[in-house]
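**Student:** Before I ask anything, let me first share the structure, which is written out below as C-alpha cells.
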Amino acid sequence: MAQRIEPDLQFIKELQEVGGESLKKCYQCATCSVACPISPSANPYPRKEMVWAQWGLRDKLLNNPDIWLCHNCGTCSDLCPRGAKPGDLLAALRNMAYQRINPLPCIGKWMTSAKYLPILAGIPALLYLVLWIISANFVAGSAFPVAEGGKIVYGELFYELYFIDPVFVTLAVIVAGVFFVGVRNLIASLKPEGQVLKLGPGADKSWVCCLIDVIKEEVLTHKKFQDCGADKADRKIGHMALFYGFVCLAVVTGLLAAGFWTQMILGWVGIHVHNPFHTPMSFANPNKWLAIVGAVLLLTGLVLLTVRRLSLDPKKSASNYYDWYLLGVIWAVAVTGVLSMLLRLSGVATLAFPMYYLHLIAVFMLFAYLPWSKLGHLVYRTAALTYVRYMGR
C-alpha cells in the first residue's frame, strides 16, 4: 500500500535549531549505520533517522525508540563523508523529546537559549534571598551569624527545618511526579500498533526483570560506553565519575537528613539522642570523607567531560547551549560547594554565606529542572532501554 508522505517543514526548522542543522547534507551512504558499534543489525540507526528527518516525519522520529539506544559516541559523525553529523541529530531528537513528554515544556525551551538563563537562575535566587532576609531578621538575628567559638554554621542562617528540607522535599515530590508522567508518556509514544509476539529464550521476562538487567548491565557499569570503542574510554570514565560522585553525595545528604529528622522527631516526644551527622561535621566523621570523595569524583568527571567537549572537532560534532547548560550548572554546584566548605573553615562569614547562597541556587537549578535537562536521560534512557529489552529490540 502506498503511503503519502507529508513533510513537516516547521519541524525540520526546529530540529536544525536544536542541533540538527547539518541533516540536509546526508546523501544516504549508510556509513553511519555500518560504523556504529552498538547499532542493531535489523533496521540499524542512524541512517533511517537521517532520511526521516530530511522528510520532516516528526511523529515517526520522536516515537522511535532507537534515538534512546544511541550513546552519542560520535563515531558516525567522525566518519561521515559529508559532515552531516548524525550523532548530533540523534542528540537533538532526544532534546526535543524531553520537551515533548514532560509537563511544562516551556522549562525545556528555557534550557535551549542563554537568553532564558536569568529566568532559570532568578527563581531560586529570589526564593533564597527572601528566606535569607526572613532568617536574618527573625531567626538568626544577623545576615552573617557566627556561632559560639567563632564558627560558621550555615544552619544558623538557612535553618534546615524551615528553609532547606521543605524546599527540597517539595521539589523532590514535584520532580518525581514529572518523571512519572514523562516516563508514562514516553512508553506510550514508543508502543507499536497492534501486538508483538515474543518467541525464543527470554521471551517470558517481565518488565521488572528487564529493568534490573538494564540497571545492572548498563547503568551501574556504563558498558555501552565501552562497547562504543576503546578510543571513547574517557567518556566512560568521565560519566562514571560523575555518576558515582552524585551517588556519594546523595548518600551523604540522605544521612544528614535522616540524622536531623530522627533527632527532631524523638526530641518532640521527649527522647534526646545524639545526631552523629550534625553539621558542620568534623574530619573524623566518615560521612565527611564520603562527601569529599563524592566532590573529588564530581570534579574529576566534570574535567574529563569538559575537556572532551572542548576538544571536539566542530566540523564533525558540535556542542550547543543545551549541552553546556548542564555542564555549567554541575560546575556551579561543585565549585560553590567546595568554596563554601573552604570559606567556612577560614571563618570569613561575609564571604562564606554569600557563597553558600550561590550553592543553594545552583543545587536548586540542578534538581528542580532535572526532568527537562540532559541529566533526565538517567531516567528516560533507562525507561527506554527497559522497554526495548522487553520488546526484544
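Readers should treat all values here as calculations from the given coordinates under stated rules, not as data from a laboratory. It should be emphasised that the depicted structure is a prediction, and the values quoted were computed from it without experimental measurement. Glycine gets a Cβ as well: all are built from the backbone with ideal geometry, and neighbour counts include every protein chain shown.
**Student:** Between Ile271, Ile123, Ile215, where does the largest GNM mean-square fluctuation fall for the chain, given springs only between Cα atoms within less than 10 Å?
**Tutor:** Ile271
**Student:** Looking at this model, which pairs from Lys151/Lys374; Lys115/Lys223; Lys25/Lys374 are more than 32 angstrom apart at the alpha-carbon?
**Tutor:** With Cα atoms farther than 32 Å apart: Lys151/Lys374; Lys115/Lys223.
**Student:** Which Rg and Dmax, in Å, describe the Cα atoms of the range 9-101?
**Tutor:** Rg then Dmax for the range 9-101, in Å: 11.7, 34.
**Student:** Take the Cα pairs of the range 114-391, get the Kirkwood Rh, then feed it into Stokes-Einstein at 25 °C and 0.890 mPa s and tell me D in µm²/s.
**Tutor:** 114 µm²/s
**Student:** Right, here's the next one. Using a simple charge model, +1 on the beta-carbon of Lys and Arg, -1 on the beta-carbon of Asp and Glu, nothing else, what dipole does the chain show about its Cα centre, in debye to the nearest 20?
**Tutor:** Using only the charged Cβ atoms, the result is roughly 980 debye.
**Student:** Sticking with this one: Between Lys109 and Ala172, with labels modelled 7 Å along Cα→Cβ, what's the label distance in nm to one decimal, could you check?
**Tutor:** 3.2 nm
**Student:** Output the pairs from Lys216/Lys236; Lys109/Lys236; Lys60/Lys224 with a Cα-Cα distance over 18 Å in this structure; if there are none, say none.
**Tutor:** Over 18 Å Cα-Cα: Lys109/Lys236; Lys60/Lys224.
**Student:** Put +1 on the Cβ of each Lys and Arg and -1 on the Cβ of each Asp and Glu in the chain; which of Ser41, His377, Ser135 then has its Cα farthest toward the positive end of the dipole?
**Tutor:** Towards the positive end, the residue furthest out is Ser41.
**Student:** Taking the Cα centre of the range 9-101 as origin and charging only Cβ (+1 Lys, Arg; -1 Asp, Glu), how large is the dipole, in debye to the nearest 20?
**Tutor:** 180 debye
**Student:** Reachable aspartates and glutamates from Lys205, Cα under 13 Å, same-chain residues fewer than 8 places away excluded?
**Tutor:** Cross-link targets: Asp213.
**Student:** Suppose each label sits 7 Å from its Cα in the direction of the beta carbon; what would the Asp234-Trp55 distance come out to in nanometres?
**Tutor:** Reported label-point gap for Asp234 and Trp55 is 3.9 nm.
**Student:** In addition: What is the extension gain from Val269 to Leu310, computed as 0.36 nm multiplied by their sequence separation minus the C-alpha to C-alpha distance, in nm to one decimal?
**Tutor:** Between Val269 and Leu310, full extension yields an extra 9.1 nm.
**Student:** Further question: Can you sort Arg100, Arg308, Arg235 so the residue with the fewest Cβ neighbours within 10 Å comes first?
**Tutor:** So the residues, fewest neighbours to most, are Arg308, Arg100, Arg235.
**Student:** Between Ala35 and Tyr162, with labels modelled 7 Å along Cα→Cβ, what's the label distance in nm to one decimal, could you check?
**Tutor:** About 6.0 nm, to one decimal.
**Student:** Given 20 °C and 1.002 mPa s, how large is the Stokes-Einstein diffusion coefficient of the range 68-134 in µm²/s, with Rh as the Kirkwood radius over Cα pairs?
**Tutor:** 145 µm²/s
**Student:** Let me ask you something else. Give the distance, in whole Å, between the Cα centre of the range 107-132 and the Cα centre of the range 44-98.
**Tutor:** The range 107-132 and the range 44-98 have Cα centres separated by 30 Å.
**Student:** Okay, helix-only estimate at 222 nm for the chain: each DSSP H run of n ≥ 4 adds -39500 (n - 2.57), divide by all residues, round to 500 deg cm²/dmol; what do you get?
**Tutor:** Mean residue ellipticity, 222 nm, calculated: -19500 deg cm²/dmol.
**Student:** Here's a follow-up. Apply the Karplus curve 6.51 cos²θ - 1.76 cosθ + 1.60, θ = phi - 60°, to the phi angles in the range 318-323 and return the couplings in whole Hz, x for Gly and Pro.
**Tutor:** Taking θ as phi minus 60°, the curve returns 10, 9, 9, 4, 4, 5 Hz for the range 318-323.
**Student:** For the range 319-393, divide the Cα radius of gyration by the Kirkwood radius and give the resulting Rg/Rh value with two decimals.
**Tutor:** Over the Cα atoms of the range 319-393, Rg/Rh equals 1.22.
**Student:** Placing +1 on the Cβ of each Lys and Arg and -1 on the Cβ of each Asp and Glu in the chain, which of Val247, Ala30, Phe179 has its Cα farthest towards the positive end of the resulting dipole?
**Tutor:** About the Cα centre, the residue reaching furthest to the positive side is Ala30.
**Student:** Among Thr112, Thr170, which comes first, second and so on when ranked by fewest other beta-carbon atoms within 10 Å?
**Tutor:** Fewest-to-most ranking of Thr112, Thr170: Thr170, Thr112.
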